[in-house]
Amino acid sequence: MKVKDKVIAVTGGGNGIGRELVLQLLAKGARVAAVDLSEKALNETLKLSGESKSKLSVHLLDITDRLAVEALPKDIIKIHLGSINQYHSELKNWYSRFKGVSTKHLEGYLVWFRFMKLLQYQTEYENRSIELMNYTISNKVSIKNQDICRKPFPIDIFKPYQHLS
């Protein structure tokens, strides 16, 4: 599984299997939000993260508190994604190969960049579909057609960048 630069929330990230999962994900380059009931345990996980500390956020949370659970995704996004900065840095890296960008053609560059992101998401989706199909065939899993048709399309490629439109 490719986790580099993905944001992953781990409940029970303060100890045991949850802590080990947090540390392994950090070692593979993921950005991790560790969630636990114990502040002491979360601080210990933070200490153990070593050089990857900048990619780890800790969240003290009781998962039985519905309002706190509903607020968690916004907190994680605020800390880890920084959508505009991420979009800007990806765009800047992408068009740096052009040795400067003319503002006259900036809209064209943005359309081209968004198109390339669309292709990237579609490729990732197709690869996951192929993996699922191979798993289904090799393990003789029975899937009904109506089960597939009821599922929503898994990726909204424009959602991460809606606020930029």
Taking only region 29-48 into account, find how many residues are modelled with pLDDT of 90 or more and either charged (D, E, K, R) or surrounded by 20 or more Cβ atoms within 10 Å (Cβ to Cβ) (or both).
12
Checklist (1) at pLDDT 70 or above; (2) open to solvent by 70 Å² or more (accessible area, probe 1.4 Å); (3) in a helix (DSSP H, G or I) applied to T64, failing item:
(3)
Give me the pairs, please: first residue somewhere in region 1-15 and in contact (Cβ under 8 Å) with a residue 12 or more places away in the chain, second residue anywhere and surrounded by fewer than 16 Cβ atoms within 10 Å (Cβ to Cβ) and hydroxyl-bearing (S, T, Y), beta-carbon distance under 6 Å, and either six or more positions apart or on two chains.
G14/S38
In region 1-60, the residues that are assigned to a loop (DSSP other than H, G, I, E, B) and over 29 Å from E124 (Cβ atoms):
G14, N15, L37, S38
Looking at region 108-124, which of the residues that are hydroxyl-bearing (S, T, Y) and open to solvent by less than 60 Å² (accessible area, probe 1.4 Å) is farthest from the chain's Cα centre (by Cα)?
Y109
Listed by first then second residue, the pairs whose first member lies in region 108-119 and is at negative phi, whose partner is open to solvent by less than 60 Å² (accessible area, probe 1.4 Å) and small (G, A, S), with beta carbons under 9 Å and at least 6 positions apart or on separate chains, are Y109/S102
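The values are calculated or read from the model by the stated rules, or taken from the named source; none is laboratory data. Note that the structure is predicted; figures quoted are calculated from it, not measured. Counting neighbours? That spans all protein chains shown, and the Cβs are built from the backbone with ideal geometry, glycine included. When the accessible area is computed, the model is the full protein with side chains, heavy atoms only, and any ligands, DNA or RNA have been set aside. Shrake-Rupley method; radii C 1.70, N 1.55, O 1.52, S 1.80 Å.
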